[in-house]
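Scroll down for the structure; my scribbles are underneath it.
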Amino acid sequence: MSLTMIKPGLFATIQDLGRYGYQKYGVAIGGAMDEPAARAANWLVGNRDTEAVLELTLTGAELRAERDLWIALCGGDMGAQTGEGEVIPLWRPVWIAKGTHLAFRNYRTGCRTYVAVAGGLEGDISMGSSSTYLRGGIGGLDGRTLRAGDVLEAKPITGRTIAIDKLVTSPSGGLKWPLWHAGGFAVAPREVHAVRIMPGEHQHRMTAEAQRGLYERVFRIAPSSDRMGYRLHSDVSLKLIEGMPELISEPVVHGTIQLPPDGNPIVLLAERQTTGGYPRIGQVASVDIPVFAQLKPGDCIRFYPVTLQEAEELKLESELDMDQLRTIIGLKLYGNK
Amino acid sequence: MKKWRNVQFVPLGDSSVLMRAGDGIDESLHRWIMAVMHLLESRRFEGMIECVPSFAAIAVHYDPLAVWRSRSPQERAHEAVFDTVCARLETLLSQLPDQEENSRQQRIVTIPVCYGGNYGPDLQEVAQHCGLSAEEVISIHTSGLYLVYMIGFAPGFPYMGGMSSRIAAPRRKTPRTGIPAGSVGIAGAQTGVYPLATPGGWQLIGRTPLALFRPKQEMPSLLRAGDQVRFEAINAGQFMEWERERGG
């Protein structure tokens, strides 16, 4: 036993980096919504980035450590605290003593927090991944959202033992952590989030006004948004030119912006369907997809245009940054020992 | 967008490309799609992740960093990773055999269906709409040979062609909030089977006891693009027998 779910909060599932190779059978990729946060959380406890982590949503989750554990919390800041009211810092390895109570109920920023446990969480493996896929009823814990009383197991640690110099110990002695952190990889909170997009193949199916509106309007995240897609509302809906021939279904990808006839765009995310027949009016640059993972209903975004080449450069840079992060964390965790 | 012969390469974000060779639904285009899928999957290029076929296009998902890191000296001259991917795809496409190979055998999958009653609550309505008897609708539906063009919308959901226009019927005005898994329906000129319980507006004419989504098996979908499907009428007793076998 590693962690017991006392309360799941709004929505909690087990996720890894997704299920690849089965889209041709209609199976969604799924996986962590904020991929960089999930990867960093794993590295911070000495795991490979493909290990399963816990994805918590917004607020309300409570966990209990059933043994001494190394954990890392990355992503949104839900004001994680112990039962004694000690703040559990984000974006770094944290040693927690057996019996420690973790509560996520002082919501501050973001929308999703990842909890990685040294060794990696156990989950039902289906098609090479333990990501929970609700629609398919597979992965995670019986393919469902987590409930109060669920017990999460961590796999045995196979790599080296974490040996960090100079740990800070909390007053109760229940927590230890280093001063360094990887918080620079968090999605920063903003009044209006900037999201960079490339033009979609069907942008010209929108009226001229709607084509301008896509970049001029501020869009609000609708409450019906979920892991499949985020629905966006603005003051005026985006109109499609009438009488265009219907599209036949074609593959879609993460970050595809679809425009259904109601004029409210949908941004497709981790658990999206594999194909779609609505006009594709834009495509979010890969590096900005994690922004959506940290937006909650009511939050605002604005779109800015980038070229394919710019989006590629951003993606390559961010992957090289992630590579560097992994290397540096490795040095910090094991030092010279 | 780039073009090679009659194939368009449309970027789908910064990590995939849509290869499109038409804009309609027809069998010869489908055969080309299947041949290209086979070629791509048997001769993967460095950085390719997976391919997803549809009626007239294939999405090729790739890892831009892996493609960038594996560039050849000539490919280093490309302005974008997308250009390198397109060049690699063009090279593969130019090696596509001109003649249709018969080595890839088309499977024929028979799907047992219990028509009407609780299993197909809209059978009468479809019959009335088409000016046929329920028996005639069943006989027309079971006499067709259907081609699976693609899987999408939901895990294991087949987009099929080949239904007789004599049993075409419009979608329900008010979609049902819950349709049981295995429901066989008609929407316009299309017929399909719902793999999972889901809301939907199709006219339901029957239900199959077969599981279309089977996540525990190596191929998680009963059907795949390129299969042919035949429906076979069974009675309620046989339906329950099938279900028992599946459960046991």
Whole-number Å³ per residue for the convex hull built on Cα positions in the range A:192-306: 91
For chain A, compute the number of Lys pairs whose alpha carbons are separated by less than 25 Å, excluding pairs fewer than 8 positions apart on the same chain. 17
With an 8 Å cut-off on Cα pairs and a minimum separation of 6 or more residues, tell me the relative contact order of chain A in percent. 20
With θ set to phi - 60°, apply the Karplus curve 6.51 cos²θ - 1.76 cosθ + 1.60 along the range B:57-65 and write out the HN-Hα couplings as whole Hz, x wherever there is a Gly or Pro. 8, 10, 8, 10, 8, 9, 9, x, 5
At 0.36 nm per residue, and after removing the present C-alpha to C-alpha distance, how many nm does the segment from B:GLN105 to B:GLU125 gain when stretched out fully? 3.4 nm
Most exposed first by the Cβ proxy, i.e. fewest other Cβ within 10 Å, how do A:THR57, A:THR4, A:THR158 rank? A:THR158, A:THR4, A:THR57
Between the alpha carbon centres of the range B:131-166 and the range A:96-120 the gap in Å comes to 50
Whole-number percent relative contact order across the range A:86-170, with pairs defined as alpha carbons under 8 Å at least 6 apart: 22
With everything on Cα atoms, drop me the angle between helix A:308-334 and the longest principal axis of chain A, reported from 0 to 90° to the nearest 10. 0
Suppose we look only past 40 Å in the calculated P(r) of the protein assembly as shown. What percent of the Cα-Cα pairs does that tail hold? 32
Spatial separation of Cα centroids for the range B:176-200 and the range B:26-55, in angstrom: 28
Answer rounded, prolate or oblate for the range B:137-242, using the Cα gyration tensor with square roots of eigenvalues a ≥ b ≥ c: rounded when a/c is under 1.5, else prolate when a/b is larger than b/c, else oblate. rounded
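Provide the gained length on full extension for the span A:ARG190 to A:ASP235, in nm with one decimal, where the gain is 0.36 nm per separating residue minus the Cα-Cα distance.
So the chain would gain 14.2 nm between A:ARG190 and A:ASP235.
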Net charge over other residues, Cβ less than 12 angstrom from the Cβ of B:GLN74 (K, R count +1; D, E count -1): +1
How large is the direction-averaged shadow of the alpha-carbon convex hull of the range B:181-242, in nm²? 5.1
Calculated log₁₀ intensity ratio I(q)/I(0) where the Debye formula runs over C-alpha points of chain B, q = 0.07, 0.11, 0.18 Å⁻¹: -0.30, -0.68, -1.29
Give me the orientation-averaged projected area of the Cα convex hull of the range B:30-151, in nm², one decimal. 11.5
Expected sort for B:CYS51, A:CYS74 with the fewest Cβ neighbours (10 Å cutoff) up front is B:CYS51, A:CYS74
Taking the Cα-to-Cβ direction at B:SER165 and at B:ASN6 and moving 7 Å from each Cα, how far apart do the two end points lie in nm? 2.3
Averaging sequence separations of C-alpha pairs under 8 Å and six or more residues apart, then dividing by the length of chain B, give the relative contact order as a whole percent. 18
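Determine how many Å³ per residue the convex hull of the Cα atoms of the range B:117-157 encloses.
Cα-based convex hull of the range B:117-157, divided per residue, equals 110 Å³.
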Listing A:ASP235, B:ASP23 from the residue with the fewest other Cβ atoms within 10 Å to the one with the most, what is the order? A:ASP235, B:ASP23
Based on DSSP H runs of at least 4 residues, each adding -39500 (n - 2.57), what is the mean residue ellipticity at 222 nm of chain B after dividing by all its residues, to the nearest 500 deg cm²/dmol? -8000 deg cm²/dmol
Two pseudo-spin positions, 7 Å from Cα along C-beta at B:SER94 and at A:VAL87, lie apart in nanometres by 6.1
Let me check I have the definition right: for chain A, take the eigenvalues of the Cα gyration tensor, multiply each by 5, take square roots. What are those semi-axes in whole Å, largest first? 37, 20, 19
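Each value in this text was obtained by applying a stated rule to the coordinates, not by laboratory testing. Quick caveat: nothing in here was measured; it's all calculated off a predicted structure. Every residue, glycine as well, gets a Cβ built from its backbone with ideal geometry; the counts of neighbours run over all protein chains shown.
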